[in-house]
Amino acid sequence: MIQNPTSIRLNFTYALSRFYPNLRPMDVEATSLSEILDLITQQHAGFRDYIVDERGALRKHVNIFLDDALVQDRETLSDSLAGVKEIFIMQALSGG
């Protein structure tokens with residue numbers, strides 16, 4: 001079944017601006033997280049490689065929330081975007 005693109009608001013943590021200073025919230029139409037990463041990377045070179053590893057899995061220092069739920073499939077990013085209105089992409093921070 002082909003899913004129609006859904007209009008989704010993308011939000012990013014301030015910490016990502018260290019590497020992508022012009023990264024701002026944006027509205028996109030997409031059917032998958034992979035498509036969303038491609039759209040962001042078109043405007044911010046290297047973004048996909050920062051978020052996912054060479055296998056396409058979400059890196060350990062990154063969390064993605066679909067509305068208020070943490071993405072479940074960190075390996076292939078296959079979570080459904082049906083009904084999702086906002087996505088939050090967060091770089092996890094560590095330190096004391």
- prompt: List the chymotrypsin sites (Phe, Trp or Tyr not before Pro) in segment 1-85 that DSSP assigns to loop (not H, G, I, E or B) and whose Cβ has at most 12 other Cβ atoms within 10 Å. Which are they?
  reply: PHE19
query: In whole percent, what relative contact order does segment 6-91 give with Cα contacts below 8 Å and a gap of six or more residues?
result: 38
Cut-off under 5 Å, modelled amide H: who pairs with LEU10 long-range: MET26, ASP27, VAL28, ILE87
message: Loop by DSSP (not H, G, I, E, B), at most 15 other beta-carbon atoms within 10 Å: where is the longest site-free stretch of the chain for GluC sites (Glu not before Pro)?
response: 1-53
- line: Cα-based Rg then Dmax for the chain, in Å, read 12.8, 48
Dipole in debye (nearest 20) - the chain, about Cα centre, beta carbon charges: Lys, Arg +1; Asp, Glu -1: 340
query: Residue by residue, what Karplus-based ³J(HN,Hα) values in Hz, rounded to whole numbers, does segment 7-18 have, using 6.51, -1.76 and 1.60 with θ = phi - 60° and x for Gly and Pro?
result: 6, 10, 8, 9, 10, 10, 6, 4, 4, 5, 5, 4
- prompt: Near the amide H of VAL52, under 5 Å away, which other amide H atoms are found, from residues 5 or more places off or on another chain, if H is placed in the peptide plane?
  reply: ARG59
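We did not get these values from a lab; they are worked out from the coordinates using the rules stated. A quick note: this is a predicted structure, and the numbers were derived from the prediction, not measured. Every residue, glycine as well, gets a Cβ built from its backbone with ideal geometry; the counts of neighbours run over all protein chains shown.
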